[in-house]
Amino acid sequence: MNSLSVSEPNPLPNSLLRKLFHAFTGEYFWFYILLLPSILILVGLVIIPMLFTLRMSLANTSVTVIGGHGSLSMPWSGINNYIHLFQSPDFWQSFRETLFFWLASILIEVTVGVAIAVLMNQQFLGQRVFRIIVFIPWAIPTVVNSMMWGMIMDGNNYGALNDLLLRMHVIKNAIVWLNPSALFPHFSWLSHVLSSLGMNTAILSIIVGDEWHTLPIVVVLVLAGLQTIPVEYYEAARVEGATGWRKFRSITLPLLGPILSVVLILRTMQLLRAFTMIYTLEQFGLPVLSIQAYQQAFSFGSFGLGAATSFIIGLVALFISYIYIKRLYKEEL
Amino acid sequence: MLKRWGSTLGVAIGVTVFLAGCGSGGAAPSSGSNHTTGASGNGPITLNVLYMNQAGYTDTVLQDMAKQFETKYPNVKIDFTFLPYSQMHSAILTSSAAPTAQYDVVLSDLIWTGEFAGKGYTIPLNTYVNKDIPNPQDIPQSIWGGFTVKGNIMAMPFLANFQNFYYNKKMLAEAGFTTGPRTMSEWLHQMQVLKAKHIVQYPYEDSWTQAEGLVCDYVRTAGEFGNGNLFNAQGQPVMNQGPALKALNWMHELYVDGLVNPNSLTADEPTAADAFASGQVAYNTNWTFVTGIMNTKSTSKIVGDGVVAPFPVSQGTNQSTGSASISGFQGLAIPANTPQDLRSWAWKWIQFATSPEIQAQHLQSQWPVWSTVANSPQEAKINPAYKVYETNLNAVYNRPTISNYLSVSSIIQQYTHEAIAGTVPVQQAADQMVKQIEALGQ
Amino acid sequence: MSSMAQGAGGKQRFRVRWTRLGMYLLLLLVAVWTLAPLYFLIITSLKQYVGTITFPLPWLPHPFTWKNYGMMFSGYQSGSTSYRFLHALRNSLITSTATTVLNLIFGSAAAYVLARSRIRGKNAISMAFLASNLLPTVALVVPFYVFTVTYFSSLGLYDTDTLLVILYTSFSLGLVIWIMRDYFNTIPIDLEEAARVDGASRLVSLVRILLPLTTPGLMATGLLTFLLSWDNFILPLILAPNASAYNLPFFIYSLSGQYLHMNNEIAAGGILAAIPPVLIIVFFGKYIISGLTAGSVKG
């Protein structure tokens, strides 16, 4: 039943030497050796830092210079940092923004992303080249992407998007796309919905720029998933007279399930990391949780608060990944 | 198969090791070990200097200074790191906590003085200044004041940055005005006329993105209304009354009336300068670097039309100075973890870079901190507006030098921004600001 | 009868033609959405500064210049743009390559054990790796910083490539293990056992039989790791802000802080930084896709 039980020809006499030899050549020994570096990395660079974050978050942590050497002071302060966070309206605003950013992005990806993939799964001229082109934005480094969208969404007349819309007479005045305190002046229903959620223009603009960068990986993965669906299924459905939408609903979507899970995992881990784009475009103007943690620790020097926020981010991430993992590997758990 | 994989792996490891070797070799000039080489006296000494990407003294100017210094002291090499302003503070903070300083000299902004002094990130320079600066009174007291905490001089003044009032005289002439505004009501009137006559869509742009620049503009505007101090003599925040409240109302109304470009709410100083230099707006209130930008062909479409002026002030106030500005002085400081044996070299560089002789060479870059240089005939020749500069420099307000300044500033930024955009009513935003800052103090 | 059928056929052809036209229009829309920002970035990189603040905005590189690219390579001296660019390029290459190699070695070894062995708690360990991969960088950056500057300050890791490599490795290792484990799972155990019967030890069979079969997986994870490391911004921002260790993304960000927002220079730097990953996607994109989908399609 087990590959380990396969006995090997044994040239050594039955002795202490042999036992020693087996300890070093035995299956388990090598398994552990192979696994060891990764386990060390996991413990040393993920688990211990995570626990240390918890420790710091329960203290009035500060990093100070004494005699030219950095030193750390962590006087216990119980759950004061968490109380402070939960009582602060800023924290909840950040929490809502982070959640909104995540939900809106995922929603766009499973609708627009799947739609584009289905479109690209048709036969058409130049298909191969087209697939490569569509994938390219994903390769652009995130910082480059944010700088680029910063230029496109510049609030002056000479911002590329404003210039385009002004030329086409779609808008009369330049729109300040990245303004975190104001709403779109032109789409009142949208601004209504958003303001009731406490959201702003900037977060929408950033989602658009972020989707340009990340939608391609969704499209490409879903497309790969579509191609694994046997053509016979569709043939059979056609014979039975199913319409396009029916075919999509009862064949495509269910069979895309696993690949959509992968997409969601990948995207969730990237979205919770959505620091780069917001930091480079808004500095601290749009404080999603990750920005807040950074600002608390590295601008204000409140490492305790920064650690508390970080720990909450970590918990949220672990919670989400728990749900996914459970779904993906249910047979193993 | 095995062989192929073995060799591939071997090559990969080889490349990594090689690259890593290059890496540590290349990184050596800034690493701690190099300091000790310098300290032993034989090898060359490398001074790591943290500086900011900015208009005042640009990286080119700094490199020019470094070359002169290296010629004077051939055993010393200056190694610069240039960072954006937004990165400077955390770079100093992170470097401070390292066992050996990453930077032996850092550019310190006025607003960090309190924090650096309180936490001991940088060392007092009093002994150096007393020994090597024969005429400290030649630097205006207002500049020294920005870098002194309880008698300790935390940085040597390097850059006398402050804000000027800029307007486009061609646009004003089109609207029928021969000079810039002298009072706030006059300015408001000019803006209304400029807009009504469709000379510009938005008469004014300022840097009101949620960053330190917004606090500067807020303090300065409060100054224009009579008093730019956001804290009273007892150290209590007073944003919800008097000139500070007037300033907030003014900024909000300009936004509502379309007199200020809405882009101001996402603009930092360079963006606002661009809007002015590209001829999109008629007024800009900005740091001294705009003078150079608006008069340079490669960066400006309004060469010859930009005018530097004193700030308009509310009638009946600021009679003595006739202006109200905001300081953004920068000094050079020595981190507390700079090795002892390098400190004297660090000071030599500071003394050199801040000396009147060197500043006199770069008059077109920056307003000098030394009065004698500022009043020299060369300055008058290079900068026809030098009298205006003097007026504005004499009318500066300082932001408070308190040790938790950045937290306070962050609160001010948030509520000022919301008040201007109108997402929170002005009075309510001001009250919130005061409440939160007071809560911070407890 | 026959004419009716013809008519219906004609209608259908007509409908098919319209559907195809609609499809091409939609595809055009996707192409424009994808390429327009890139076109904008390219023309901006070839403009002189005034060309970026002119209204209406010139849609061609006007006034034209190569200078934005030239300055990345000429005028090399301490602190200059080319100095910073070339250092950042070197650092990006070193850290990304080293991370990739380390990840492949450690990750595939661990993935092999987790796929093949029956050691206790291997599922829990697998899940821990997957979860570690989902943990955002931001959640760990504060302790990393504190460790680096206090407890481990004597190692002098702050602001070094070595530190970045260690941290990048920890962040992408989970992904490598996750993908490679699925690859090992797809390979029939008989193949390996056949080799072992021939007298090969487990290690030898791993290297000789399994690695070649998992080449696509190794390619995919290697390239993914490379791209992830190439893209990292927050770690250099906090832990390696000095020119001696910072990477290309950080360099490009630092260009924006210059006294003017020299969008033309930022665009040029951005395009240079994007070239290696774009080449990877164009030539090896299909490996990455197959790597990412392998596990899920099987599952």
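Observations on the structure shown:
- Every helix of 4 or more DSSP H residues in chain C counts as -39500 (n - 2.57), and over all residues that averages to -24500 deg cm²/dmol at 222 nm.
- Proximal charge balance of residue B:439 [Cβ under 13 Å; K/R count +1, D/E count -1]: -2
- Between residue A:76 and residue A:319, full extension at 0.36 nm per residue minus the direct alpha carbon distance yields a gain of 84.8 nm.
- Among A:289, A:45, A:139 the positive-end extreme of the charge dipole of the protein assembly as shown (Cβ point charges): A:139
- Fraction of alpha-carbon pairs over 34 Å apart in chain C - percent: 43 percent
- Of B:119/B:150; C:47/C:286; B:170/B:195; B:197/B:387; B:77/C:67; B:169/B:387, those spanning more than 25 Å from alpha-carbon to alpha-carbon: C:47/C:286; B:197/B:387; B:77/C:67
- The trypsin sites (Lys or Arg not before Pro) found in segment B:292-345 that occupy coil by DSSP, while having at most 11 further C-beta atoms within 10 Å, are B:297.
- Other protein chain C-beta atoms within 10 Å of residue C-beta, averaged over C:279-287: 3.
- Counted charge near residue C:216, where neighbours are those whose Cβ lies closer than 12 Å (Asp, Glu -1; Lys, Arg +1): 0
- Shielding by partners for peptide A:48-57, expressed as the average number of C-beta atoms from other protein chains within 10 Å of each residue's C-beta, is 4.
- When shorter helices are ignored and each DSSP H run of at least 4 residues is given -39500 (n - 2.57), the per-residue value for chain B at 222 nm works out to -15000 deg cm²/dmol.
- Rounded tilt (10° steps) of B:59-72 against the dominant C-alpha axis of chain B: 50 degrees
- Sorted by Cβ density within 10 Å, fewest first, the residues B:274, B:305: B:305, B:274
- Each other residue within a Cβ distance under 14 Å of residue B:177 adds +1 if Lys or Arg and -1 if Asp or Glu, for a net charge of +2.
- Of the GluC sites (Glu not before Pro) in segment A:199-295, those whose Cβ has at most 11 other Cβ within 10 Å and which sit in DSSP loop: A:240
- For segment C:90-151 and segment C:59-81, distance of Cα centres in Å: 39 Å
- Shielding by other protein chains, C:48-60, mean Cβ within 10 Å: 6
- GNM top mover of B:326, B:111, B:402 - chain B, alpha-carbon springs below 10 Å: B:402
A short reminder: the numbers here are calculations on the coordinates, not readings from a lab. Note that the structure is a prediction, hence the values are computed from the model and not measured. Because the Cβ atoms are built from the backbone with ideal geometry, glycine has one as well, and the counts that use them run over all protein chains shown.
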